[in-house]
Amino acid sequence: MAKSDSFFIRAKATSTGGSYEQIEIPMGSYVDALGKSVVRIHNIATQAYETDPTDEWGLPANSEGLVTYQLTTQTQTGIVGASDKSVVSTGAIHLVNAQPAPGLTFLSDTPDIMPQNWRNGYLIAVEELFLAVDTDAQVPTATIEIVMECTVETLSQNAAMALALSQQ
């Protein structure tokens, strides 16, 4: 398998007011299953914040909230489980404010599935990926930004097509 030097793909999705929001990440300039070209994602780094990377998270008094995010090979209408064949990466952030004033007393960040958890990363043979973020009503806004470290590789045409079909 021929490999390229690694490069980075960046994306950002924002959810407001307890909504599920999804953006498309074009991969067509790297992936061509008929031409035997696929992308291997080696690592994904995530950054999560409310409205600006320098903002502190804030929740109403005595409340808690959940932010979930996913990277998939198919468009979705909500967060799906790890058994869904389109899932590449998922994570969640649990926020708690146990004080009588707006603010934050506890934050737990859990990247559930990341390509770096696998021995050889994650192969992508589809022309778009979908980054989504979902919040519950207690979290007014949440933004998830990702940076993916990738390489382009060559598979046989049959293997590339089989992989592409399995991810659609």
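The values are calculated or read from the model by the stated rules, or taken from the named source; none is laboratory data. As the structure is a computational prediction, the values presented were derived from the model and not from experiment. Cβ placement follows ideal geometry from the backbone for every residue including glycine, while neighbour counts extend to all protein chains displayed. Heavy atoms of the whole protein, side chains included, go into the accessibility calculation; ligands, DNA and RNA do not. Shrake-Rupley method; radii C 1.70, N 1.55, O 1.52, S 1.80 Å.
What the table below lists for this structure:
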quantity: Fraction of accessible area attributable to carbon and sulfur, the chain (%, probe 1.4 Å); calculated: 50
quantity: Given charges at beta-carbon only (K, R positive; D, E negative), |dipole| of region 34-93 in Debye; calculated: 640
quantity: Alpha-carbon centroid distance for the pair region 28-83 / region 109-162, whole angstrom; calculated: 7
quantity: Net dipole in debye of the chain [+1 Lys, Arg Cβ; -1 Asp, Glu Cβ; about Cα centre; nearest 20]; calculated: 640
quantity: ³J(HN,Hα), Karplus 6.51/-1.76/1.60, whole Hz, each residue of region 18-29, x for Gly, Pro; calculated: x, 10, 9, 10, 9, 10, 9, 10, x, 10, x, 6
quantity: Accessible surface, 1.4 Å probe, highest first, among residues ARG40, ARG119, ARG10; calculated: ARG119, ARG10, ARG40
quantity: Helical mean residue ellipticity (222 nm; -39500 (n - 2.57) per DSSP H run of 4+; nearest 500) of the chain; calculated: -1500 deg cm²/dmol
quantity: C-alpha long axis of helix 157-166 to longest principal axis of the chain, angle in °; calculated: 30
